1. When both residues are 6+ apart or on different chains and their Cβ atoms are under 6 Å apart, which pairs have a first residue that lies in segment 15-37 and is within 18 Å of A134 (Cα to Cα), and a second that is in a loop (DSSP other than H, G, I, E, B)?
Amino acid sequence: MTRFSPKKILAPVDFSKFSIDALRAALDISEIRGAEVTALHVTEEPSKPDTYGHSTVLHTNWQMIRERVFEESRAELETLTSEAGASQDVKLETIMGDPTNEILRIAKDGNFDLIVMSTHGRTGLNRLLMGSVAERVIRHAPCPVFVIRGNGKS
């Protein structure tokens, strides 16, 4: 049996305290195995007005809102990486889209060996209503997924 030795680790983060723990775990694994870590944040696309002018975001310059959201996410990702105490270089990736789909796409396209992510640990109605990105990633990931479970309180 060969030893599992990931060389590329994807650490999706949602800026919760649980995702800092998951990023720290990814960094720890990376130090032991000599792996490269990519911290990924997926921001959901701000709503763009439709042809009838209906939207959840009412603003005359949709593109400006989109760029601002992207820049704020990038800055927050840099802060989170710093808070996690990264002693090595961490690649930072900020994109817009559906979190589950983008995490799976990046994991596959980037040939990642391991995904390390957090879950909020919600149960019951909260989990049913909000769904679980981690659960969907586990089901469809092209590589192993290591999940750091939160206590359900964010």
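1. Cβ pairs passing all conditions: S16/S154; F18/G150; S19/V13; I20/A84; L23/V13; L23/A84; R24/A84.
For (1) closer than 15 Å to F146 by Cα; (2) open to solvent by 30 Å² or more (accessible area, probe 1.4 Å), each residue gets a yes or a no:
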residue	(1), (2)
A84	no, no
Q88	no, yes
K91	no, yes
N111	no, yes
I115	yes, no
H120	yes, yes
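The values are calculated or read from the model by the stated rules, or taken from the named source; none is laboratory data. A quick note: this is a predicted structure, and the numbers were derived from the prediction, not measured. Counting neighbours? That spans all protein chains shown, and the Cβs are built from the backbone with ideal geometry, glycine included. What goes into the accessible areas is simple: the full protein's heavy atoms, side chains included, and nothing from ligands, DNA or RNA. Shrake-Rupley method; radii C 1.70, N 1.55, O 1.52, S 1.80 Å.
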